[in-house]
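Report on one structure; see the data block that follows.
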Amino acid sequence: MADLKLPGVGSGFPIQAFVDATVAGERAAKDQQLSRRADTIDVQLSSYGSIKSALDSFNSALKKLGDNGDFQKRSVTLDKDDYITARAGSSAVAGSYSIQVMQLAQAHKLGSDAVAADKALGSGSLTMQVGSESFTVNIDKEKSTLAEVAAAINNAEDNKGVRATVITDDLGSRLVYFSDKTGEDSKISVAASSNNDGEGGFSLNNLGTTYEIQAAKNAKVSIDGAVVTSQSNEIKDAIADVTFDLKKVNDATGSNPNTTLTIGYDKKAVEESIKEFVTAYNKVINVVDNLSEYNAVSEKAGPLNGDSTTRGLKSKMRDMLSEAVSGASGSMTSLNDFGVKTKKDGTLELDESVLKEQLTANFDEVGFLFSSESGISNKFNDLIDSYTGRDGVLTKRNESLNQQMRRLETDADKFEEYMAGFEARVYKQFSSMDMMVAKMNQQLNSVMAAFSNMPGMGDNQ
């Protein structure tokens with residue numbers, strides 16, 4: 001009830017309207033000042049944020065070229081993809097090779113005697129040899145059906161690489177053992193030791209009697225006539241830093257000729273990365289220009305018009321483009337030499353035909369321009385870090401603007417407290433005036449009543 005406000009009872013004047021008008025007049029100038037300052041800070045924060053975003057994109061484009069990753073990539077081309085796939089590392093030497101897959105590696109596989117799938121084979125043990133290693137699986141009589149023996153083998157903690165499964169055909173069920181690795185070094189054998197307590201005349205000895213389902217084989221591949229043998233179908237470094245995955249045998253004397261493998265520089269990846277570099281650079285320049293421009297026709301200035309931070313950034317970026325790379329030799333010393341030119345507006349233009357020619361003729365030299373210690377990428381990375389890094393110009397500028405915004409918010413809170421007190425005081429003053437007017441009206445009414453009651457005052461004759 002203490003905050004209940006009523007219209008003037010003494011004067012009849014609209015006191016609340018008077019109070020509202022007085023408070024609005026007091027508030028207007030300060031509100032406008034705070035609002036203008038907040039808008040200015042918001043626009044600057046947004047503008048610097050746009051520049052930082054453009055610089056981050058530019059930095060991402062630089063990293064592809066600067067860490068030498070793109071220039072270390074090798075392209076792999078196969079005239080047929082039926083027989084092999086191939087991957088080449090950064091040290092693979094460019095060249096062409098004739099490949100013939102002579103034999104695929106395969107895992108050794110053995111089958112046991114046929115037995116009844118539901119019969120307990122009794123207790124004992126199975127010892128399995130895998131190459132030069134072996135392990136033994138003990139079998140309990142109560143868990144000795146084919147499926148249970150297979151599970152015991154597969155779950156053995158010291159299993160050296162043998163897997164087992166149950167196969168059922170027209171002749172019955174049998175246990176099939178197979179190595180989980182290909183190659184002759186992973187041949188397997190099985191020896192059974194039975195207590196002869198199985199059902200129906202069966203025992204673990206039935207599982208130790210095996211026949212070969214699939215022989216263990218090494219992979220064989222001919223590379224330019226030289227035969228390479230491998231335990232697996234993945235062959236590494238038969239050609240330095242090249243990995244083959246063999247898929248299918250091909251017969252060079254028959255209808256399937258050898259596969260031609262060509263290793264080269266991944267010029268396409270570098271070309272795309274350089275295009276990204278140009279696009280990202282131009283984005284930075286365009287963002288800076290849009291934020292700092294002055295339109296003479298509309299007489300409107302960008303939010304960062306005259307700002308030394310953006311002006312300095314653009315100037316440093318343009319200067320860096322014209323600098324020669326230390327240690328570069330021959331015809332490759334700057335961006336201009338492989339088709340990247342600066343236009344009048346400060347953006348870059350790429351001549352793709354020149355770039356393709358230089359990547360074909362001077363691939364390593366182009367790589368040196370970007371990825372060497374004093375190369376273009378490292379220089380720009382240092383420049384970007386000086387603006388967006390922990391102690392960068394834009395980072396510090398944003399910190400300063402955020403501090404200003406926090407102070408402005410504090411000022412706004414204090415102003416609201418002041419206005420609350422101001423409104424209370426004004427209302428109190430108008431209420432006091434209203435009470436005085438009410439009192440005066442009462443006194444006036446009393447006087448008028450006294451006059452009207454005097455002899456002769458109310459007589460019309």
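The values are calculated or read from the model by the stated rules, or taken from the named source; none is laboratory data. Owing to the predicted nature of the structure, the values given are computational and were not obtained by experimental measurement. A quick note on method: Cβ atoms are made from the backbone with ideal geometry, for glycine too, and the neighbour counts reach across all protein chains shown.
Quick rundown of the values:
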read-out: Pick from region 209-238, criterion touching an Asp or Glu at 6+ places or on another chain (Cβ under 7 Å) and within 30 Å of ALA116 (Cα to Cα), ranking: surrounded by the most Cβ atoms within 10 Å (Cβ to Cβ); value: ALA216
read-out: THR127 being modelled with pLDDT of 95 or more, assigned to a strand (DSSP E or B) and under 50 Å from the mean Cα position of the chain (by Cα); value: no
read-out: Count - residues of region 362-377 that are surrounded by fewer than 17 Cβ atoms within 10 Å (Cβ to Cβ) and at pLDDT 85 or above; value: 0
read-out: Odd one out for THR168 among (1) part of a strand (DSSP E or B); (2) closer than 19 Å to ILE188 by Cβ; value: (2)
read-out: Residue among ALA120, ALA107, ALA88, ALA38 that is over 30 Å from ILE188 (Cα atoms), buried (at least 19 other Cβ atoms within 10 Å of the Cβ) and at pLDDT 80 or above; value: ALA88
read-out: Any hit, region 324-342, residues being more than 25 Å from PHE71 (Cα to Cα), of a type outside the set (Val, Ile, Thr) and without any contact (Cβ under 8 Å) to a residue 24 or more places away in the chain; value: no
read-out: One residue from ASP42, ASP81, ASP56, ASP31 being in contact with a strand residue (DSSP E or B) (Cβ under 9 Å, 6 or more places away or on another chain) and among the acidic types (Asp, Glu); value: ASP81
read-out: Criterion (at pLDDT below 75, at negative phi, of a type in the set (D, E, K, R) and surrounded by 13 or more Cβ atoms within 10 Å (Cβ to Cβ)) met by exactly one of ASP411, ASP434, ASP385; value: ASP434
read-out: In region 414-427, residue modelled with the highest pLDDT [restricted to those that are of a type outside the set (Phe, Trp, Tyr) and closer than 11 Å to LEU34 by Cβ]; value: LYS414
read-out: Selection within region 327-372 - in contact with a Gly (Cβ under 8 Å, 6 or more places away or on another chain) and assigned to a loop (DSSP other than H, G, I, E, B); value: ASP351, ASN362, SER372
read-out: Condition met for LYS119 (over 21 Å from ASP180 (Cα atoms), in contact (Cβ under 8 Å) with a residue 12 or more places away in the chain and of a type in the set (Lys, Arg)); value: yes
read-out: Residue identified as part of a strand (DSSP E or B) and touching a Ser or Thr at 6+ places or on another chain (Cβ under 9 Å) among THR262, THR229; value: THR262
read-out: Check on ASN206, surrounded by 14 or more Cβ atoms within 10 Å (Cβ to Cβ) and in contact with an Asp or Glu (Cβ under 7 Å, 6 or more places away or on another chain); value: yes
read-out: Residues within region 86-109 that are within 30 Å of TYR177 (Cα to Cα) and of a type outside the set (Gly, Ala, Ser), tallied; value: 7
read-out: Meets criteria (closer than 20 Å to THR262 by Cα, outside any loop (DSSP other than H, G, I, E, B) and of a type in the set (A, V, I, L, M, F, W, C)) for PHE71; value: yes
read-out: Residue in region 94-103 that is buried (at least 20 other Cβ atoms within 10 Å of the Cβ), in a helix (DSSP H, G or I), outside the structural domain of LYS181 (by TED's automatic domain parsing) and not aliphatic (A, V, I, L, M) present; value: no
read-out: Breaking point among (1) within 24 Å of THR182 (Cα to Cα); (2) surrounded by fewer than 15 Cβ atoms within 10 Å (Cβ to Cβ); (3) assigned by TED's automatic domain parsing to the domain that holds ASN205; (4) touching a residue at least 24 places away in the same chain (Cβ under 8 Å), for PHE135; value: (2)
read-out: Region 170-186: number of residues that are charged (D, E, K, R) and within 45 Å of the chain's Cα centre (by Cα); value: 4
read-out: Scan of region 122-136 for residues that are over 13 Å from GLY161 (Cα atoms) and touching a helix residue (DSSP H, G or I) at 6+ places or on another chain (Cβ under 7 Å), ordered by number; value: GLY122, SER123, LEU126
read-out: Residue selected from region 186-200 under the condition in a strand (DSSP E or B) and small (Gly, Ala, Ser), by the criterion surrounded by the most Cβ atoms within 10 Å (Cβ to Cβ); value: SER194
read-out: Verdict on VAL228 being free of Cβ contacts under 8 Å to residues at least 60 places away in the same chain and not polar (S, T, N, Q); value: yes
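Okay, residues lined up against (1) outside the structural domain of ASP382 (by TED's automatic domain parsing); (2) in a loop (DSSP other than H, G, I, E, B); (3) not hydroxyl-bearing (Ser, Thr, Tyr):
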residue: ALA238; (1), (2), (3): yes, yes, yes
residue: THR243; (1), (2), (3): yes, no, no
residue: VAL249; (1), (2), (3): yes, yes, yes
residue: ASN282; (1), (2), (3): no, no, yes
residue: ASN290; (1), (2), (3): no, no, yes
residue: GLY306; (1), (2), (3): no, yes, yes
residue: LEU321; (1), (2), (3): no, no, yes
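Condition check ((1) over 24 Å from the mean Cα position of the chain (by Cα); (2) under 18 Å from ASP413 (Cβ atoms)) across all residues:
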position: PHE18; (1), (2): yes, no
position: THR22; (1), (2): yes, no
position: LYS30; (1), (2): yes, yes
position: SER46; (1), (2): no, no
position: GLY49; (1), (2): no, no
position: SER57; (1), (2): no, no
